[in-house]
């Protein structure tokens, strides 16, 4: 499909995923659906193979004015323009909008990664807490280990900690996952 046909399609079905109205929408909340929709929009604009380098020498204020004009128009208002004008407005708008779509997709991906990291960290901490709860007499053992470490801060673990807790007891704690990092 040619660029002009793709533009006409986007204007004729503005509520489609890559329709005119959806291309103007924000990316939304960080969900898998939002990431996929944002990726489809970026892919649609990239497939148009717009001549991005031609705007390098154009005054930024003019590009912003055109982008605001197109942003404020509906699909039916855009279809009222002469075909050449409509095509030019859409090209300038989508060249401007492309970077916003990419930035939005990156923001979504960063938020998803952050959420995954937070969830995995929370699960690890919950697992460690559950393992600590499974060790009998842990409070007394932890207090004795802390007191020994305070009394002999420069001592070696095998000389200071092992006599109190015992290697076998610490080995049990480690196998239950308490000593994991």
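A short reminder: the numbers here are calculations on the coordinates, not readings from a lab. In this text the structure is predicted, and so the values were computed from the model without any measurement. Here the Cβ positions follow ideal geometry from the backbone for every residue, glycine too, while neighbour counts run over all protein chains shown.
Here is how the numbers come out for the structure above:
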{"read-out": "The chain: relative contact order as a whole-number percent, Cα under 8 Å and 6+ apart", "value": "20 percent"}
{"read-out": "Spacing of the two label points (7 Å from each Cα toward its C-beta) at residue 164 and residue 145, in nm", "value": "1.0 nm"}
{"read-out": "Cα gyration tensor, segment 48-122 - rounded (a/c under 1.5), prolate or oblate", "value": "prolate"}
{"read-out": "Helical contribution to [θ] at 222 nm, DSSP H n ≥ 4, -39,500 (n - 2.57), averaged over the chain, rounded to 500", "value": "-23500 deg cm²/dmol"}
